[in-house]
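Let me begin by presenting the structure, written as structure tokens, before commenting on it.
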Amino acid sequence: MEVTMVRPKLVSFRVTQFQGENLAIPNGVDLLLETKQTIEVGLSSSTTAEKRVQAMVKIELESVVKNKTTEQIATTFKGAYEGKFEYPIEVTEESLGALLAQEAYQYGLVSQVFPLAMTHFRRELQSFGIDARGLGLGI
């Protein structure tokens, strides 16, 4: 079956950036956590002698914690993550072009990387003293 031939394998997941600034959130203040995400999917080729086709998923997460009543920003966080998938040696970039143009196929790649990125991001927010349990692990 052709579907199994072009099924990629997640070979690496990296945190490429995490930056946070906690400006001493006062106790008893009602806070609002706003998070936005940017997701990119693309193709590349490996640098090994085999020259395997790879798919890359890049995810950027950015959160701002505000005082609900004054809208004053108390804390900011930004994280960047990268997942790399490898395809079998016989798969070519040309054969993946049509597949990668499909939203459902991209979703299949992103849905493997996003929970890993969000788990790390939530953990880092919690280390800064932010209750991030409300952030979902799914897309």
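Could you tell me what percent of the accessible area of the chain is made up of carbon and sulfur, with a 1.4 Å probe and every protein chain present?
Numbers: 4160 of 8390 Å².
About 50 percent, which is the carbon plus sulfur part of the accessible surface.
Given the protein chains as shown and a 1.4 Å probe, how many square angstrom of Y105 are accessible, to the nearest 10?
The accessible area comes out at roughly 40 Å².
Which residues' amide hydrogens lie under 5 Å from the amide hydrogen of L43, considering only partners 5 or more residues apart or on another chain, with H built in the peptide plane?
Amide H to amide H, under 5 Å and 5 or more residues apart or across chains, L43 pairs with M56.
Quick check: with the 1.4 Å probe, what order do T119, T16, T69, T75 take by accessible area, largest first? Each step should come with its number before you reach the end.
Values: T119 50, T16 70, T69 120, T75 0 Å².
The ordering from most to least exposed comes out as T69, T16, T119, T75.
Let me check I've understood the local charge: for E50, count other residues with C-beta under 15 angstrom from its C-beta, Lys and Arg +1, Asp and Glu -1. What total comes out?
So the environment of E50 carries a net charge of +1.
Counting only other residues whose beta carbon sits under 15 Å from that of R14, what net charge do I get with K and R as +1, D and E as -1?
Working: positive: K58, K84; negative: E40, E60, E82, E86, E124.
Net charge around R14: -3.
Can you give me the angle between helix 103-127 and the longest principal axis of the chain, using Cα atoms only, in degrees from 0 to 90, rounded to the nearest 10?
30 degrees
Mind checking which lysines have their Cα closer than 28 Å to the Cα of K84? Skip sequence neighbours fewer than 8 apart in that chain.
Partners within reach: K9, K36, K51, K58.
Write down the accessible area per residue of the chain in Å², having rolled a 1.4 Å probe over the full set of protein chains.
On the way: 8390 Å² over 139 residues.
Ligands and nucleic acids excluded, the result is 60 Å² per residue.
If ligands, DNA and RNA are left out, what is the accessible area of E93 with a 1.4 Å probe, given in Å² to the nearest 10?
Counting only protein heavy atoms, E93 exposes about 100 Å² to solvent.
The values are calculated or read from the model by the stated rules, or taken from the named source; none is laboratory data. Model, not experiment: these values are computed from the prediction. Cβ coordinates were reconstructed from backbone atoms using ideal geometry, including for glycine residues, and neighbour counts include every protein chain displayed. In case anyone asks, the SASA skips ligands and DNA or RNA and just uses the protein heavy atoms, side chains included. Shrake-Rupley method; radii C 1.70, N 1.55, O 1.52, S 1.80 Å.
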